[in-house]
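The structure appears right after this line, and notes come after that.
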Amino acid sequence: MIEQIVELEKKEEKKDGPGAVPEIEVKGLSKYFGKRKVLDNISFELKKGGFLSLFGPNGAGKTTLVKIIATLIAPSDGSISVSGLDPAKDSAAIRSKIGLISHNPLLYLDLSAEENLKFYGTMYDVECLDQRIDELLERVELDHRRYDLVRTFSKGMTQRLAIARALLHKPSVLFLDEPHSGLDPHAVDIFEGLLDSIKEDHTFIMITHNIERGIALCSKAMILYNGQIVFYQDKDELDIKMFKSVYRQRVKGDY
Amino acid sequence: MRKSSLILASIGTLLLLTGIYLAFFVTPEIVVRIEGEEVAQFSQKIFYFHVPVAWVSLLFFIIGGIFGIMFLIKFLIKREQSYDQKGYAAVEIGFLFGILVMITGVLWTRADWSVWWDWDPRLTTYLILMLVYAGYFALRSSVQEDSTKARFSAVYAIIAAINVPLTFWAGRLEALKPVHPVVFKISGASMEGPMLAAFLVSMLGMTLFAFSLFLMRLDLLRASEELDYLKEQVEVV
Amino acid sequence: MSGGKQILAIIKKDIIAELRTKEMVISMLIFVILAMIIFSQAFNAAEKSLVEFGGGLLWVAFLFTSMLGLNRSFVHEKDEGCLEGLLMSPVDRPLIFFGKMLGNLIFLMVVEVIAIPIFLVLFGLNIGASLIGPFVAAILLGNIGISSVGTLLSTISINTKTRDLMLPILFLPIIIPLLIAAVGATGGIISGDREQLVSAYAAMRFMAVYDIIFLLVAYALYDFVIGE
């Protein structure tokens, strides 16, 4: 117990120091299924507050990469750490640091908004759950619909509730899995407004096919193709022409 | 073909032929008393084939389960697939010999009671086991993604292997009720001399032969995986 | 008990959803009654041999009914990606198993509580007052086996191409040993015959062993089935 506390304190110190631990660190990550290489020697770092947009055709390994970081799949080779935690030892701790917003709402249609949040809150062992639910429902402006079944919600409302669900356990890392797909422009506006308000203190990895939104939101852009990184640049020095040519070459053929 | 499987196959075949020779030309015919008359039972000769086949089949079902466990242990550490092929090959061999068990069992039933099928508890048990493993193949063909297929197969092979003794036990429960007579009273203990020799030679021969088949099948699976991989590479280029 | 809260939450969630839609229990109930009527017609209910067949009829009906529920149980989780959401949470995988398994057990028992009296009346069977305890125990032992093996295998089948078609192919052969014992146990108890009761109790011991083994196996293997 004491050791843990000491360790935690160390981490606190490091966070603010100059040699801060990157929030997500991936080193030489590979994943094989039999002989097939799904991911081949992937390395990157993401600082706290960073936003990585991940592009690539279907089957490029995007989802596998995210699942490995989320400790759902173990890598064949290489290492990863999330907030300095090792997935082999602290998989539950890492998972409780991660929130997922997907194109699937991940909500039970036959439960009300409140029941959904209560259920997931219990799964994440959230403290002062009722208070947290009140807070979040207000924030996503669904307070008036809290006792209504999710089945009766519009697509935009469902997405807002999904965001509340993802933020429930105060994750420090958020995965966005094609969050724009199926949303109308109005819902996208609301979604990005919400995203903006939490951007400061979260680290993001977004899988997307939407170049415009993906580039606008990100601090780093990456294209995966056949399990390899074929493009990876910071946004500050992003060569959009090169990005687009690589994207067209690797991804477009897929559609 | 690998040398080891070739050697195993030749020794196995040799022993099997010896076993068959012993069974037909050396062992005495079993004599049973039916309604006071002593009747020689030629059909009992199938015993020297039937029991080794059944033994091999069960052995490989259990081996399949063990490979399942090994796969999952490996999977936890490195998530590697090699035990998936081994497990698959083992279950295939078990199933193949299971079919032989059914055929020889049915023939024996027919010869002794002049019916093809008598719901004899042991044969019924075997039929259930075959259906369990038919499920294994159905499952494999119904999952596309390789790693999921391997995981599910391993789990199912473990469950199925555990089910093997349970099914036999349950069959015995049924047999407690005097509906089904226990028909074949030959047990290892009551066998002697040439009978025991023929039996043991057949058992050993069948086991070695089955292992050689297993190794060959494994090589074949590996080769076909390699081929798939190479094809994929060519397509990518 | 740590994790009890999560198990309860999973059960509660399934029950609330079911109370709203009622689709699963109602269709299970209709199915089980239909199955009994079909049996009575197919086997000619007037015959006295029903005392012998009673246990068998009962369990065949329950077995097929349970598969309706088992298939539904994971369709809900899978449909809106909820299973993914559940897996992303730090909750232990075996807790998900026990939550789903107990939920399936409860739904099956709700159906049986209604179906068993109907069955006894339809087929004119009687269970002596002193045998009600063992009868309930036999039913419960059967149900535990069905829901533990069923939950494990329906998690597998829902992730295959053929989804709900796969469940009977995997589930029925694995459950046959339990079925044999369950039929023997309930049949023996329904007959009330002293000699048959002895073998009924032997069968119930087998059922208990089967249940324990498969609960442990499911507990150990669930991680591999539900995760990736």
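Buried (at least 17 other Cβ atoms within 10 Å of the Cβ), on the phi < 0 side of the Ramachandran plot and touching a Phe, Trp or Tyr at 6+ places or on another chain (Cβ under 7 Å): does that describe A:SER112? Talk me through it step by step, then tell me what you get.
On the way: buried (at least 17 other Cβ atoms within 10 Å of the Cβ): yes; on the phi < 0 side of the Ramachandran plot: yes; touching a Phe, Trp or Tyr at 6+ places or on another chain (Cβ under 7 Å): yes.
Spelling it out, A:SER112 is indeed buried (at least 17 other Cβ atoms within 10 Å of the Cβ), on the phi < 0 side of the Ramachandran plot and touching a Phe, Trp or Tyr at 6+ places or on another chain (Cβ under 7 Å).
Say we look at region B:178-207 and pick out the residues that are at pLDDT 50 or above and outside any helix (DSSP H, G or I); which of these is farthest from the chain's Cα centre (by Cα)?
Applying the filter and picking the extreme gives B:GLU192.
Given the criteria in contact with a Leu (Cβ under 9 Å, 6 or more places away or on another chain), more than 8 Å from chain B (Cβ to nearest Cβ) and part of a helix (DSSP H, G or I), does C:LEU165 qualify?
When the stated conditions are applied, C:LEU165 does not pass them.
Among the residues of region B:207-227, which ones are more than 10 Å from B:ALA89 (Cβ to Cβ) and crowded, with 16+ Cβ neighbours inside 10 Å?
First, pick out the residues of region B:207-227 that are more than 10 Å from B:ALA89 (Cβ to Cβ): B:207-212, B:223-227.
B:THR207, B:LEU208, B:PHE209, B:ALA210, B:PHE211, B:SER212, B:GLU225, listed by residue number.
Please verify whether region C:77-85 includes one or more residues that are part of a helix (DSSP H, G or I) and more than 14 Å from every other protein chain (Cβ to nearest Cβ).
Checked against the condition, which is being part of a helix (DSSP H, G or I) and more than 14 Å from every other protein chain (Cβ to nearest Cβ), region C:77-85 yields no hits at all.
Output the qualifying pairs, or none if there are none: Cβ atoms under 8 angstrom, residues six or more apart or on different chains, first residue in region B:204-228 and within 14 Å of another protein chain (Cβ to nearest Cβ), second residue modelled with pLDDT of 90 or more.
B:LEU221/B:GLN85; B:LEU221/B:TYR88; B:LEU221/B:ALA89; B:ARG222/B:GLN85; B:GLU225/B:GLN85
Give region A:139-190 a look and list any residue that's over 18 Å from A:LEU106 (Cβ atoms) and small (Gly, Ala, Ser), or say none.
Correct list: A:SER172 only.
Restricted to region C:190-212, and to residues that are in a helix (DSSP H, G or I) and at pLDDT below 90, which residue is farthest from B:LEU139 (Cα to Cα)?
Going through the qualifying residues, I end up with C:ARG194.
Residue by residue, here is whether (1) in a helix (DSSP H, G or I); (2) within 14 Å of the chain's Cα centre (by Cα); (3) without any contact (Cβ under 8 Å) to a residue 24 or more places away in the chain holds:
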position: B:PHE75; (1), (2), (3): yes, no, no
position: B:PHE97; (1), (2), (3): yes, yes, no
position: B:LEU100; (1), (2), (3): yes, yes, no
position: B:THR104; (1), (2), (3): yes, yes, no
position: B:LEU139; (1), (2), (3): yes, no, yes
position: B:SER147; (1), (2), (3): yes, no, no
position: B:ILE158; (1), (2), (3): yes, no, no
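Within region A:237-255, work out how many residues are among the acidic types (Asp, Glu) and either within 14 Å of A:MET222 (Cα to Cα) or modelled with pLDDT of 80 or more (or both).
2
B:THR125: assigned to a helix (DSSP H, G or I), hydroxyl-bearing (Ser, Thr, Tyr) and facing chain C (nearest Cβ under 8 Å), yes or no?
It is false that B:THR125 is assigned to a helix (DSSP H, G or I), hydroxyl-bearing (Ser, Thr, Tyr) and facing chain C (nearest Cβ under 8 Å).
Within region A:203-236, how many residues turn out to be among the polar types (S, T, N, Q) and over 14 Å from A:PHE44 (Cβ atoms)?
Within region A:203-236, residues that are among the polar types (S, T, N, Q) and over 14 Å from A:PHE44 (Cβ atoms) number 3.
Hey, B:SER57 hits all of (1) of a type in the set (Gly, Ala, Ser); (2) crowded, with 19+ Cβ neighbours inside 10 Å; (3) free of Cβ contacts under 8 Å to residues at least 12 places away in the same chain but one; which does it fall short on?
Tallying (1) of a type in the set (Gly, Ala, Ser); (2) crowded, with 19+ Cβ neighbours inside 10 Å; (3) free of Cβ contacts under 8 Å to residues at least 12 places away in the same chain, B:SER57 fails exactly one: (3).
What helices (runs of 4 or more DSSP H), lying completely within region A:73-143, carry at least 1 residues that are within 16 Å of the chain's Cα centre (by Cα) and either within 8 Å of chain C (Cβ to nearest Cβ) or in contact (Cβ under 8 Å) with a residue 40 or more places away in the chain (or both)?
Correct list: A:91-95.
Restricting attention to region C:137-165, which residues are modelled with pLDDT of 95 or more and surrounded by fewer than 19 Cβ atoms within 10 Å (Cβ to Cβ)?
Answer for region C:137-165, where residues must be modelled with pLDDT of 95 or more and surrounded by fewer than 19 Cβ atoms within 10 Å (Cβ to Cβ): C:ALA137, C:LEU140.
Please find, within region B:150-169, the residue that is modelled with the lowest pLDDT out of those that are facing chain C (nearest Cβ under 9 Å) and within 25 Å of A:VAL38 (Cα to Cα).
Filtering region B:150-169 for residues that are facing chain C (nearest Cβ under 9 Å) and within 25 Å of A:VAL38 (Cα to Cα), the one modelled with the lowest pLDDT comes out as B:ARG151.
Of everything in region B:132-149 that's within 20 Å of C:LEU221 (Cα to Cα) and more than 7 Å from every other protein chain (Cβ to nearest Cβ), which residue is surrounded by the fewest Cβ atoms within 10 Å (Cβ to Cβ)?
B:GLU145
Could you check region C:202-217 and list, in sequence order, the residues that are small (Gly, Ala, Ser) and closer than 11 Å to C:GLY145 by Cα?
The answer is C:ALA208, and nothing else.
If I ask for residues that are more than 11 Å from chain B (Cβ to nearest Cβ) and surrounded by fewer than 23 Cβ atoms within 10 Å (Cβ to Cβ), which ones from region C:174-200 would you list?
C:SER191, C:GLY192, C:ASP193, C:ARG194, C:LEU197
Picking from C:GLY124, C:GLY103, C:GLY142, which residue would you name as being in contact (Cβ under 8 Å) with a residue 12 or more places away in the chain and under 15 Å from C:THR186 (Cβ atoms)?
C:GLY142
Residues of region A:38-62 being more than 18 Å from B:ASP146 (Cβ to Cβ) and part of a strand (DSSP E or B), which ones? Spell out how you get there, then give the answer.
Step one: of region A:38-62, the residues more than 18 Å from B:ASP146 (Cβ to Cβ) are A:41-57, A:62.
Those that are more than 18 Å from B:ASP146 (Cβ to Cβ) and part of a strand (DSSP E or B): A:ASN41, A:ILE42, A:SER43, A:PHE44, A:GLU45, A:LEU46, A:PHE51, A:LEU52, A:SER53, A:LEU54, A:PHE55.
The values are calculated or read from the model by the stated rules, or taken from the named source; none is laboratory data. In this text the structure is predicted, and so the values were computed from the model without any measurement. All Cβ positions, glycine included, derive from the backbone under ideal geometry; neighbour counts span all protein chains shown.
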